[in-house]
1. Could you check chain B for helices (runs of 4 or more DSSP H) lying wholly inside it with 3 or more residues that are under 27 Å from residue A:282 (Cα atoms)?
2. Among the residues of segment A:214-254, which ones are outside any strand (DSSP E or B) and modelled with pLDDT of 95 or more?
3. Considering only segment A:196-211, I want to know if a residue exists there that is under 30 Å from residue A:254 (Cα atoms), in contact (Cβ under 8 Å) with a residue 60 or more places away in the chain and aliphatic (A, V, I, L, M).
4. Might you check whether a residue that is assigned to a helix (DSSP H, G or I) and of a type outside the set (Lys, Arg) occurs anywhere in segment A:176-190?
5. Inspect segment A:336-343 for any residue being in contact with a Pro (Cβ under 7 Å, 6 or more places away or on another chain) and modelled with pLDDT of 95 or more and give the result as yes or no.
6. Quick one: in segment A:299-320, of everything that is touching a helix residue (DSSP H, G or I) at 6+ places or on another chain (Cβ under 7 Å) and assigned to a loop (DSSP other than H, G, I, E, B), which residue is farthest from residue A:219 (Cα to Cα)?
7. From the list A:281, A:335, A:352, A:286, exactly one residue is more than 14 Å from chain B (Cβ to nearest Cβ), over 13 Å from residue A:231 (Cβ atoms) and touching a Ser or Thr at 6+ places or on another chain (Cβ under 9 Å). Which is it?
8. Could you say whether any residue in segment A:186-194 is under 19 Å from the mean Cα position of the chain (by Cα) and either of a type outside the set (Gly, Ala, Ser) or modelled with pLDDT under 95 (or both)?
Amino acid sequence: MPEKCRLTVKRTMNGFYIGISGINAVDNPGPGIGVARSLREDTDLGAKIVGLAYDALEPGVYMDWIVGKSFILPYPSSDGDALVERLLYIKRNHGLDVVIPNLDAELPLYIKHAPMLADNGIRTFLPDMRQFRLRGKDRLCDIASRINISLPLTKVVNSVDELLRAIEELGLPVMVKGIFYKASKSYTAAEAVAHFHELVAEWGYPVILQQVVAGDEMNVVGLGDGEGNSLGMVGIKKLSITALGKIWTGVTVKNARMLAATENFIHEFKWRGPFEMECIVNGDEVFLIEINPRFPAWSYFATGVGINLPSRLVRRAFEMPVPPPPRYEAGKLFVRYTYELVTDMTNFKKAVTRGETP
Amino acid sequence: MQKLARLAISEEGFVFDPASGDSFQVSQTGLEILAGLKNGKDDGEISRWLLEKYEVSMEDALRDVADFIACLKNAGLL
């Protein structure tokens, strides 16, 4: 009788080099540190965090218990060639298996160059350009109707004339929003015109005008697999915010309509990658305010309640099995706090002179 | 009643609504009334129970329960 073949497979994992941008943990924090912290909590990944900074003074460059080695990147420019060249340098000289870009301005470049990066052994897990454009502030009307969620009355304007006509329709106060960033509440037409000019100068046309809706500010962080399935999501309500409108304390919630709309979004648009859905909830009505195509700065909140989305993203990017997301509990509290560290000038000197930390 | 059923209520009177993220503090009596409502009792049954437990007239008990229910409605909990 032949002896039973005993096959044992022992997989050794040396760990992934994971590039993380948005490590500017300042008063308007980038999402990077929360993402990096989440990845380190999945010890099976053996994540080696590579900090991708745009300034030598980004706090993440010095947070060596979270970020390993950091590199200074060129600012994301129109074609992104310099950015890609820098990533390939990091790949050759240090190691870079996957990048999680966390800043809005970077995303079009990473999406554009994703196939080329993949050919060079640098993976990403991002929406395609069509999906990215679809969730633009000027296209939210299409999304809202398809995912069964309300949208505050919205007008896209390209001139002061159009702006004034839109104000007549929407009334005052009104939200005046840039195509990529920034939103201001205007109480008079003159104030709205001033905001319009500021936004055009900074972010270009068009500008979005939106009716102000009352209610609680609730958000969802989620991750889509690109095939219409959710890899996990967590809903929260902001309990207090900073002067810049950033969350300082929050609580997990399970608002059925908001979570259903988020599921619909992933399913309907086959969203691939992380996203943040910003909503205003007023009783039974849920208004869609914005969809950000990246992790929010508070994404560690989801990890803290058991749903480690960055880890699930990396596992999916490497075609590793991703189990169904566990359920999270409503009523868990998020409290941000300030912290200081004192260090010598080594990292700063090297980052400034050589563009990378030791 | 559907909203009431989803509330998380602690023994100390801390009430959390998982759908809205709102939290409230209720008194011991309020806590007992909430428990009664969750168990499907109507305001008359709850008022009679208050009458047995506290030195209060039926008229006052009915009014207090009605006031408390109005507060719950105003807070979006009913």
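1. Numbers: elements: B:2-6, B:28-38, B:43-53, B:58-74.
Per the criteria, B:2-6, B:28-38, B:58-74.
2. Taking segment A:214-254 first, the residues outside any strand (DSSP E or B) are A:214-215, A:226-229, A:242-246, A:254.
Within segment A:214-254, A:226, A:227, A:228, A:229, A:254 meet the criteria.
3. yes
4. Scanning segment A:176-190, I find at least one residue that is assigned to a helix (DSSP H, G or I) and of a type outside the set (Lys, Arg), so the answer is yes.
5. Taking segment A:336-343 and keeping what is in contact with a Pro (Cβ under 7 Å, 6 or more places away or on another chain), we get none.
No, because not a single residue in segment A:336-343 is in contact with a Pro (Cβ under 7 Å, 6 or more places away or on another chain) and modelled with pLDDT of 95 or more.
6. We begin by selecting, within segment A:299-320, every residue touching a helix residue (DSSP H, G or I) at 6+ places or on another chain (Cβ under 7 Å); these are A:299-300, A:302-303, A:308-311, A:314.
If we keep only those that are assigned to a loop (DSSP other than H, G, I, E, B) as well, we get A:299, A:308.
Details: A:299: 11, A:308: 17 Å.
Restricting to residues being touching a helix residue (DSSP H, G or I) at 6+ places or on another chain (Cβ under 7 Å) and assigned to a loop (DSSP other than H, G, I, E, B), the top hit is A:308.
7. On the way: A:281 fails: more than 14 Å from chain B (Cβ to nearest Cβ); A:352 fails: touching a Ser or Thr at 6+ places or on another chain (Cβ under 9 Å); A:286 fails: more than 14 Å from chain B (Cβ to nearest Cβ).
Only one candidate qualifies: A:335.
8. Applying the first criterion (under 19 Å from the mean Cα position of the chain (by Cα)) to segment A:186-194 yields none.
No, there is no match, as no residue in segment A:186-194 is under 19 Å from the mean Cα position of the chain (by Cα) and either of a type outside the set (Gly, Ala, Ser) or modelled with pLDDT under 95 (or both).
The values are calculated or read from the model by the stated rules, or taken from the named source; none is laboratory data. This one's a predicted model, so the numbers in the text were calculated from it and none came from an experiment. Note that we place each Cβ from the backbone using ideal geometry, even for glycine, and neighbour counts take in every protein chain shown.
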